[in-house]
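Report on the following structure.
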Amino acid sequence: EHERIWWKEAVFYQVYPASFCDSNGNGWGDLPGLFSKIPYIASLGVDVVWLSPMFESPQIDMGYDISNYEAVNPSYGSVADVEALIKACHDSGMKLILDLVVNHTSDQHAWFKESRSSKENEKRHWYFWRPARYDEERRRMPPSNYRGYFAGSTWTWDEHTQEYYLHLYSPSQPDLNWESPTCRRAIYDSAVRFWLAKGIDGFRVDTVNKYSKHISFPDAPITDPTSDTQPAPQFWCNGPRIHEFIRELVDVMSEYRTYDGKELVTVGELSLTPEPEKVLEYVGREREELDMVFQFDITHLGQGTGSGFQDKYDFAEWTLPDMKRIVKKWQSFIEGTDGWTTVFNENHDNGRSISRFASDAPEWRVQSAKMLCLWLVAQTGTLFLYQGQEIGMINAPREWGIEDYKDVEALNFWDEAVKLAEDGTDPTRKERIMHGLRLMARDHARLPFQWDSSEHAGFSSGKPWMRVHDLYKQINAEAQEADGDSVLEFYKSMLKMRKEHKDVFVYGTFELVEPEDVSTFVFRKRYQDKTALAALNFTAFLQPAPPLVDLKLLVSSYPKTNPDTLQPFEGRIYINY
Ligand code: TEU
């Protein structure tokens, strides 16, 4: 029996500010734009808004490269706009959490500018600086052979002080050195206390398992002989002091409360950690670390795993039983443990779920959206939605070329593929990576929100920073608000239904029916004597419906159902009470 806590039952809604709503026509979403849409978000049945970074930033990684934690990027607005937003959320009965990005700063942050100014600077050790190595021919080499997330080495040479600095992401995102107590104190005061004192209700904690590293930075074994960099998460992920650091951070947070007097909520981003026992170390209640984490097995479906994450965009076929095993693994995670789990299939770092997991073909995309909605609402754990998911937004059209993609990660993988194809190392790589990007690039989630059928989808009166989807006249919020059969109205009523039946949906135990069936995903939820059965057709063909004993239909994603047959991409839920 899991303790009942408000955030377990809450629905979270992620806003990516650049792409949500632009109030001043400069083509960038902004905080006044978001402010104007608070009634819309509240009308969905959302409890907590998670706002992705709106801090001062040169925007090399869309704000995950912060140059000042205590300022808002001018393109988004001001600190006063955040204060107004906090109040607007609270007045609508919603909480607001911000992104806490403290594994790294921007190279434009004053801390890094000082750190790089000289070896004697007092902030030198706030980042990881290491001398070069030299090969037999006296050629300069980085301190270790690590590959970073965005293709390329994790080390960049600094001419001025003649040393390398570490960055797991782009060279403009140097990693902070959490080993330094003065650095940690500065992080707490600037990134954490500054915003908690303004009344936010918690944090989504970026890259939460990378603050502690093996700081001798040994070379990684060579798993990809074609590359001079190698995946090395064992040396910079889940490091030896990670739990000590998180506990210290959480202690700072516990000085504060939510606006209605409850405990703050934290959700950590836990990449590269597939082991349930390791995840439990972060979220077990008795550990007093994080409330919950995003574990990413589900969004890895389709990502290539070959020799490490350099194959992320080299699409790998997957089957429905693979998806079921992943869902089962994280649904049963809470059984017999004091940990909690999260339910999601989209965020700003992934392609749209309809395009990846079901079908975005014109004849099936609405049904796919509703079926995936049932997949989400019937699962145990805290539910997270990403902006636009509730209107069934889909990936950018296949015809778009690489020039329409903006993300540093997509562009770096593309450049690398071009190089490896042209020098003959991997002749078909370009085509394969483009295929992977069309399905899984982070860009798809960053297309402007489709508000209505007016120019630029009602997102902005000016030219948007990212191209608007060609289909915005067919897929937009305004059209769906007026239509009882729309994806939007379906989401609203399903979020209500989830709460009405929260025993079985939020807290119930999970069991797969026919785990090896490749066409339908059927699962049973139980809570004491209550049972629910979800039956989801993941194909464009008729499929047999599961046999029912003592169950009655609660909802179907189709207006008319046939007891024995699931229609294409139909989803249904039955209950016994
Ligand atoms: O992502 C962290 C991360 O390590 C990956 O899980 C993520 O999939 C990313 O897309 C790399 O492939 C967080 C943010 O969510 C992401 O947007 C940032 O780029 C990253 O941190 C760096 O701050």
| note | When Ile200 is run through (1) away from the ligand (no atom under 15 Å from the Cβ); (2) over 21 Å from the mean Cα position of the chain (by Cα), the failure sits at (2)
| query | Which condition number in (1) within 16 Å of the ligand (Cβ to nearest atom); (2) surrounded by fewer than 16 Cβ atoms within 10 Å (Cβ to Cβ) is the one that Glu114 fails? | reply | (1)
| Any chance segment 232-255 includes a residue that's surrounded by fewer than 20 Cβ atoms within 10 Å (Cβ to Cβ), within 16 Å of the ligand (Cβ to nearest atom), more than 30 Å from Leu51 (Cβ to Cβ) and not hydroxyl-bearing (Ser, Thr, Tyr)? | yes
| Those residues of segment 348-369 which are of a type in the set (Gly, Ala, Ser) and closer than 23 Å to His300 by Cβ, in sequence order | Gly351, Ser353, Ser355, Ala358, Ser359, Ser368, Ala369
| message | Out of the residues in segment 59-76 meeting the condition of being part of a loop (DSSP other than H, G, I, E, B) and away from the ligand (no atom under 13 Å from the Cβ), tell me which one is farthest from Ala197 (Cα to Cα). | response | Ser75
| Odd one out for Glu83, checked against (1) touching a helix residue (DSSP H, G or I) at 6+ places or on another chain (Cβ under 9 Å); (2) away from the ligand (no atom under 16 Å from the Cβ); (3) farther than 30 Å from Thr223 by Cβ | (1)
| task | Select from segment 256-281 the residues that are surrounded by 20 or more Cβ atoms within 10 Å (Cβ to Cβ) and away from the ligand (no atom under 16 Å from the Cβ) and list them in ascending order. | result | Thr258, Leu264, Val265
| request: Select, from Ala441, Ala457, Ala445, the only residue that is closer than 20 Å to Asn476 by Cα and within 16 Å of the ligand (Cβ to nearest atom). | output: Ala445
| request: Might you let me know whether segment 41-54 holds any residue that is surrounded by fewer than 23 Cβ atoms within 10 Å (Cβ to Cβ), in a helix (DSSP H, G or I), away from the ligand (no atom under 16 Å from the Cβ) and of a type in the set (Gly, Ala, Ser)? | output: yes
| Failed item, numbered, when Asn345 is tested on (1) within 16 Å of the ligand (Cβ to nearest atom); (2) in a helix (DSSP H, G or I) | (2)
| query | Since Ile187 meets every condition but one in (1) in contact with a helix residue (DSSP H, G or I) (Cβ under 9 Å, 6 or more places away or on another chain); (2) more than 16 Å from the ligand (Cβ to nearest atom); (3) outside any loop (DSSP other than H, G, I, E, B); (4) not small (Gly, Ala, Ser), which condition does it not meet? | reply | (2)
| query | Filter segment 132-155 for residues that are in a loop (DSSP other than H, G, I, E, B) and within 16 Å of the ligand (Cβ to nearest atom); which is farthest from Val408 (Cα to Cα)? | reply | Thr154
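Here's the yes/no breakdown for (1) out of contact with any helix residue (DSSP H, G or I) (no Cβ under 7 Å at 6 or more places or on another chain); (2) at pLDDT 95 or above; (3) outside the structural domain of Val293 (by TED's automatic domain parsing):
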site	(1), (2), (3)
Gln162	yes, yes, yes
Ser172	yes, yes, yes
Ala191	yes, yes, no
Trp195	yes, yes, no
Ile200	no, yes, no
Val205	yes, yes, no
Ile215	yes, yes, no
| note | The number of residues in segment 190-208 that are among the hydrophobic types (A, V, I, L, M, F, W, C), over 12 Å from Ile86 (Cα atoms) and assigned to a helix (DSSP H, G or I) is 3
| Of the residues that make up segment 100-110, is at least one over 30 Å from Glu9 (Cβ atoms), among the small types (Gly, Ala, Ser) and more than 13 Å from the ligand (Cβ to nearest atom)? | yes
| field | Unmet criterion (only one of (1) more than 27 Å from Ser519 (Cα to Cα); (2) surrounded by fewer than 22 Cβ atoms within 10 Å (Cβ to Cβ)) for Phe333 | value | (1)
| field | Considering residues of segment 260-316 that are in a loop (DSSP other than H, G, I, E, B) and in contact with a His (Cβ under 7 Å, 6 or more places away or on another chain) only, the residue nearest to Ile246 (Cα to Cα) | value | Glu289
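The values are calculated or read from the model by the stated rules, or taken from the named source; none is laboratory data. Just so it is clear, the structure is predicted and the values come from calculations on it, not from any experiment. Here Cβ is always computed from backbone atoms with ideal geometry, including for glycine, and neighbour counts include all displayed protein chains.
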